[in-house]
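Notes for the one structure printed next.
The values are calculated or read from the model by the stated rules, or taken from the named source; none is laboratory data. These numbers come from a predicted model, not from an experiment. Here Cβ is always computed from backbone atoms with ideal geometry, including for glycine, and neighbour counts include all displayed protein chains. For the accessible areas, the whole protein counts, side chains as well, though only heavy atoms, and no ligand, DNA or RNA atoms are used. Shrake-Rupley method; radii C 1.70, N 1.55, O 1.52, S 1.80 Å.
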Amino acid sequence: MNDSPSTHPGLGKSAKSIMRARQSSLVWNIPYRLRYLACCVLGMTAFWPVLSTWFLADDFLHLRWHEHASGLDTFLITDGMFYRPLSTFLTWNLGYSLFGTNALPYHIVSLLLHGLTAALLGKATAIIANNERTGWISGALFAVYPLCTEPVVWLAAQWDLWAAVCTTAAVLGFAHAWRTGRRLSYVLGWSAALFGVFMKEIVLPLPVIIPFVALATEMSGGRGETKADSRGISDRVSLLKRISIWSAPFALPSLVFISIRYLGKGSIGGYESARTDYSVFFWDALSSAVGFMIMPLNRDMFGATLVQVVGFTISISVMVGLFFFGRTHWHMHLLALVWWLTFLVPVLNLILLTSDTTRGNRIFYFSLMGFLVSMAAVLSAAMDHIRARRALAVLVGLVILVSIPATWKQLEPWQQGSRQAERLVYELSSEVIPIPYPPSQVNVKNLPLEYKGAFVFWNGLDDALRIFGQRQLAVLAVDELDHSLLGAPFMADRNGIYNVELTFDPQRELYHVRDIRGATVGGMPPPEGDALTWDYRKCPEMRSSWQATNATFSCSQEQTAPGSGRAYATFSPNNQDAYLTLSDLPLSVEGNNFIRVGIEARMAGTGEGYSGRLFWATRQPNEWLEKRSISYALETSGQWRIYWIYVPVIKLETLENGLRLDPVIRNEDGAKNETVNLDIAWISITAVP
């Protein structure tokens, strides 16, 4: 049958308008099965740069989760700071067993989850509003909105994505069941809510939203406008009763979760340092959240002017749209407001009262959905009521498309931060010698905590070095370094200490190691591989190319028991100008950052305030200058200790005349060597990248 207006001459003008509207809707619905797939594709396109990122900050801690808890233990440990067993299992138990330390598959999962969330949000909104266009716009805007960077790019926030999929699926299932009466949709929606609370506790307030989903779905008429409500009081009471009955079961998953947490921990948990003085910051945090929504761009990347222009444009558009079209779609805006507040109020004490829209934006991932549902309702209503609907549709499409490269730009700090993390882990793994547990302490000056809002090493450097460098280290960010402490006795739970200073390279926009030196427990063998080694533990068979000046350098033997003992060489000065020199140093430094000199030595108890000094790179024989030397503090309790001295390759002029080692210097008079013996077990020299 041909149902075009031309075959119905009796239709009036209004009827023909309705028919044209239906045909227009049909045109919109042509790619029906692909429409929400397009939302998914938009989300994946906008965030595809995450595939080139590595691990960051807390990611390294979570990569070790499987060492502490197996899959079942993840569900049984109920007394931790957070209880997110299902998402933790999926990402850090199952994910690790499948992907190991390959970051790419983890990011592919994040990309798929974000795209799926956008598609589910779009479909749910379409069913609630009874308007496919409203649904598609909400899903598409959410897919590309630049405020969503942190939960998608940072693997430590992947549980937000798992929880978001469950939340949108729960709303979709409930709305579909309300509109069609299908029990299966209701059961699937309820099941998604149950899974959601065990993905992340942000889903706990979901039961507050469900009644408003029912109300908005009930009130949506043709094209999504509010239906005329001719119900009497008894009918309205009946509707409220029905809404209550349908919504009540969705509170059960939250009650189950809360019961488990109170039984296991005594509270829901969370950040112990989070503020609780809401009366002091409530409105500040709420208004700051509004600012994040309407100004989603990172100021460090786009500049303050463009951010202000975008914020002003979005603000005016929302206010004008609500003024002209808010009344006809009040039910959708009410749902959007409740959605926004429900997921925002519980995290108000985590909102940064700054203009930085990159760091910490994961806490807006759920509330942003409500904001964009309202915006989609305004835009869809405007297309129905203004003559320039096609021009507006084109404009909306352009905004969505332009948001994609804007999101790419917004992701650049995360990509750069990822490169920074990988570079530092690689450098320190090459430079720091691995030794058994307990860990060595590493004091790091200028540790990059973040880069333009993106996390780098707020946490996790020690975990990263253990995973990727097999180094047992305890990293501590410090403001200043005290190299004299390298000669002090180690703490009971430490077997060494390193001081590392980082510096920023503005050309590559990366931090790198500028200075590093350390001391570790003795008794360890010298480094293997390409190291040049003089092992005096093999005395007297070992011959040394280190030449003593104004001193003797000969083999000795510990006599701890008859027929046993440890061999070593003893440096015995004859006067205050005694030292060792090495003229033949066949070592290539090309492509490396440091020459690492390791010396295992001991100095018998002679008090404090002694150090050694290493000279390098003389242009003329016997020209040893202070500016081409590094000192290291000596531990004087008579214990064996390994001293690690790193000579920056960039400071080397030549190695033709080798190295000079002044084994013992009195710190109060650094110009003169001390006539104190020093026992040396071995010396090792290695070029390190």
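So in the stretch 134-155, with the set limited to residues that are under 25 Å from residue 176 (Cα atoms) and among the aromatic types (Phe, Trp, Tyr), which one is least open to solvent (accessible area, probe 1.4 Å)? Outline the logic, then answer.
The initial filter retains those residues of the stretch 134-155 that are under 25 Å from residue 176 (Cα atoms), namely 134-143.
Those left that are additionally among the aromatic types (Phe, Trp, Tyr): 136, 142.
Working: 136: 50, 142: 0 Å².
Here the residue is 142.
For (1) in contact with a helix residue (DSSP H, G or I) (Cβ under 6 Å, 6 or more places away or on another chain); (2) aliphatic (A, V, I, L, M); (3) touching a residue at least 24 places away in the same chain (Cβ under 8 Å), each residue gets a yes or a no:
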residue	(1), (2), (3)
331	yes, no, yes
338	yes, yes, yes
343	yes, no, yes
380	yes, no, yes
419	no, no, yes
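Filter the stretch 452-483 for residues that are over 15 Å from residue 61 (Cα atoms) and either free of Cβ contacts under 8 Å to residues at least 40 places away in the same chain or assigned to a loop (DSSP other than H, G, I, E, B) (or both) and give the result.
Taking the stretch 452-483 as the starting set, the residues that turn out to be over 15 Å from residue 61 (Cα atoms) are 452-454, 476-483.
Hits for the stretch 452-483 are 452, 453, 476, 477, 478, 479, 480, 481, 482.
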Requested in this report: Just need a number here: residues in the stretch 449-468 that are under 25 Å from residue 485 (Cα atoms) and over 13 Å from the mean Cα position of the chain (by Cα).
Outcome: 4
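Residues in the stretch 197-210: is at least one within 25 Å of residue 381 (Cα to Cα), open to solvent by less than 30 Å² (accessible area, probe 1.4 Å) and either out of contact with any Cys (no Cβ under 6 Å at 6 or more places or on another chain) or in contact (Cβ under 8 Å) with a residue 12 or more places away in the chain (or both)? Even if it seems obvious, please write down each step before you answer.
We begin by selecting, within the stretch 197-210, every residue within 25 Å of residue 381 (Cα to Cα); these are 209-210.
Going one step further and asking which of them are open to solvent by less than 30 Å² (accessible area, probe 1.4 Å), we end up with 209-210.
If we keep only those that are either out of contact with any Cys (no Cβ under 6 Å at 6 or more places or on another chain) or in contact (Cβ under 8 Å) with a residue 12 or more places away in the chain (or both) as well, we get 209-210.
For the stretch 197-210, residues within 25 Å of residue 381 (Cα to Cα), open to solvent by less than 30 Å² (accessible area, probe 1.4 Å) and either out of contact with any Cys (no Cβ under 6 Å at 6 or more places or on another chain) or in contact (Cβ under 8 Å) with a residue 12 or more places away in the chain (or both): present.
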Report task. May I ask you to verify whether residue 75 is at pLDDT 95 or above and surrounded by 14 or more Cβ atoms within 10 Å (Cβ to Cβ)? Result -> no
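Out of 311, 321, 269, I need the residue that is surrounded by 15 or more Cβ atoms within 10 Å (Cβ to Cβ) and either in a loop (DSSP other than H, G, I, E, B) or at positive phi (or both). Which one? Show your work before the answer.
Numbers: 311 fails: either in a loop (DSSP other than H, G, I, E, B) or at positive phi (or both); 321 fails: either in a loop (DSSP other than H, G, I, E, B) or at positive phi (or both).
Unique residue meeting the criteria: 269.
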Query raised in the report: Can you pull out the residues in the stretch 29-64 that are open to solvent by 70 Å² or more (accessible area, probe 1.4 Å) and under 29 Å from residue 457 (Cβ atoms)?
Result: 48, 52, 61
Query raised in the report: Can you find even one residue in the stretch 465-486 that is small (Gly, Ala, Ser) and surrounded by 19 or more Cβ atoms within 10 Å (Cβ to Cβ)?
Result: no
Requested in this report: Provide a single number: the residues in the stretch 118-133 that are crowded, with 24+ Cβ neighbours inside 10 Å and polar (S, T, N, Q).
Outcome: 2
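Between 379, 368, 395, which is closer than 23 Å to residue 39 by Cα, among the hydrophobic types (A, V, I, L, M, F, W, C) and either touching a Phe, Trp or Tyr at 6+ places or on another chain (Cβ under 8 Å) or not in a helix (DSSP H, G or I) (or both)? Before you say what the answer is, go through the steps one by one.
Numbers: 379 fails: either touching a Phe, Trp or Tyr at 6+ places or on another chain (Cβ under 8 Å) or not in a helix (DSSP H, G or I) (or both); 395 fails: either touching a Phe, Trp or Tyr at 6+ places or on another chain (Cβ under 8 Å) or not in a helix (DSSP H, G or I) (or both).
After applying the criteria, what remains is 368.
Every residue in the stretch 398-412 that is of a type outside the set (A, V, I, L, M, F, W, C) and either more than 36 Å from the chain's Cα centre (by Cα) or open to solvent by 30 Å² or more (accessible area, probe 1.4 Å) (or both), please. Before the answer, list the steps.
So the first thing to find is which residues in the stretch 398-412 are of a type outside the set (A, V, I, L, M, F, W, C), and the list is 403, 405, 407, 409-410, 412.
Scanning the stretch 398-412 gives 405, 409, 412.
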Report task. Confirm whether residue 234 is modelled with pLDDT of 85 or more and either outside any loop (DSSP other than H, G, I, E, B) or surrounded by fewer than 17 Cβ atoms within 10 Å (Cβ to Cβ) (or both). Result -> no
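For the stretch 413-437, what are the residues that are farther than 25 Å from residue 597 by Cβ and either open to solvent by 30 Å² or more (accessible area, probe 1.4 Å) or assigned to a loop (DSSP other than H, G, I, E, B) (or both)? Before you say what the answer is, go through the steps one by one.
Of all residues in the stretch 413-437, those farther than 25 Å from residue 597 by Cβ come to 413-422, 437.
Once the filter is applied, which keeps residues that are farther than 25 Å from residue 597 by Cβ and either open to solvent by 30 Å² or more (accessible area, probe 1.4 Å) or assigned to a loop (DSSP other than H, G, I, E, B) (or both), the stretch 413-437 yields 415, 419, 422, 437.
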